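Got a structure here, written out as structure tokens. Questions coming.
No lab work stands behind these numbers, since they all come straight from the coordinates. Remember, it's a predicted structure, so these values are computed and weren't measured experimentally. Don't worry about glycine lacking a Cβ; one is built from the backbone with ideal geometry, like all the others, and counts go over all protein chains shown.
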């Protein structure tokens with residue numbers, strides 16, 4: 001058994017951390033003890049925040065800040081550190097890692113994490129909450145690259161069809177903590193939203209649903225949810241038509 005530390009830092013979003021969960025599942029199935037400094041991984045996926053001062057291995061999910069990686073190498077100079085190359089002054093570097101994977105714009109993050117860890121684990125997490133029939137979680141965003149201004153209109157259409165719609169995100173309500181976020185998604189039958197951390201969590205929980213896809217590279221698209229190409233430029237009536245194909249098929 002090994003003690004494996006999953007190290008996250010500023011810039012590693014919820015989506016990047018969710019991509020790493022299959023690797024964590026693999027480690028735990030093989031009787032390794034996994035712990036982290038991530039509140040997200042702790043509250044959503046029950047990864048311990050406590051562990052030994054000196055782990056046997058350290059893994060860093062994608063998009064780590066090079067300064068943090070350098071600090072990590074000073075704190076744990078003799079412990080193997082695994083991660084992804086980062087860019088400094090426009091050039092790729094892997095300083096601070098014993099083993100680094102070059103970010104490949106043509107491969108999904110799931111595939112690259114498999115390469116980093118050497119393990120192929122299904123991108124799924126079993127739900128723990130009963131599903132409420134006809135409940136939809138709608139995830140919004142105010143970020144310019146992912147914003148879609150018609151969610152309130154789409155919600156009105158879906159409510160008229162008899163669905164219960166829970167809106168989460170920057171222009172919806174937020175949950176009390178990250179644990180509640182997972183519960184809200186697990187209780188939903190469908191997901192409709194945009195690219196972001198909530199979408200990745202819905203995807204790994206294997207919800208049925210649609211994602212309005214925008215400028216994000218296709219390599220980062222969900223593995224289970226269906227995407228609507230150029231969806232952020234569509235009017236609500238067109239998106240509603242796509243929803244009907246999903247909800248009433």
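Residue 208 label point, 7 Å along Cα→Cβ, cut-off 16 Å on backbone N: hits in segment 216-233?
224-227
While we're here: With labels modelled as points extended 7 Å from the Cα through the Cβ direction, what inter-label distance (nm, one decimal) is found for residue 223 paired with residue 142?
Distance between label points: 3.3 nm.
Among (i) 35, 26, 15; (ii) 35, 20, 15; (iii) 38, 23, 17, which one is semi-axes √(5λ) of the Cα gyration tensor in Å computed from these coordinates?
Only one option fits the structure, namely (ii).
Using alpha-carbon positions, what is the distance between the centroids of segment 188-249 and segment 98-154, in Å?
11
What distance in nm lies between label points placed 7 Å from Cα along the C-beta direction at residue 87 and residue 39?
Taking the two extended label points, one gets 3.0 nm.
Now for a different question. Compare the peptides 227-233, 26-32 by average per-residue count of other Cβ atoms within 10 angstrom and give them in order, highest first.
Highest-to-lowest ranking by the protection proxy: 227-233, 26-32.
Using a Förster radius of 41 Å, what is the FRET efficiency between residue 70 and residue 131 based on their Cβ-Cβ separation? Nearest 0.05, please.
Rounded to the nearest 0.05, the efficiency is 0.35.
If you don't mind, there's one more thing I want to ask. Based on the mean of other Cβ atoms within 10 Å per residue, sort peptides 185-194, 112-121 so the most packed one is first.
The packing order, highest mean first, is 185-194, 112-121.
For the chain, with a Gaussian network of springs between Cα atoms less than 10 Å apart, report the residue from 45, 95, 20 with the top mean-square fluctuation.
Between 45, 95, 20, it is 95 that shows the largest mean-square fluctuation.
Another question about this same structure. Rounded, prolate or oblate: which one fits segment 135-247, using the alpha carbon gyration tensor with axes a ≥ b ≥ c (rounded when a/c is under 1.5, else prolate when a/b beats b/c, else oblate)?
rounded
Write down the radius of gyration of segment 3-117 and its Dmax, each obtained from C-alpha positions, in Å.
In Å, with Rg to one decimal and Dmax whole: 13.2, 40.
Roughly how tilted is helix 151-160, in degrees to the nearest 10 and between 0 and 90, from the longest Cα axis of the chain?
50
Need one number: nm distance between label points at residue 248 and residue 177, each 7 Å from Cα along Cα→Cβ, rounded to one decimal.
4.2
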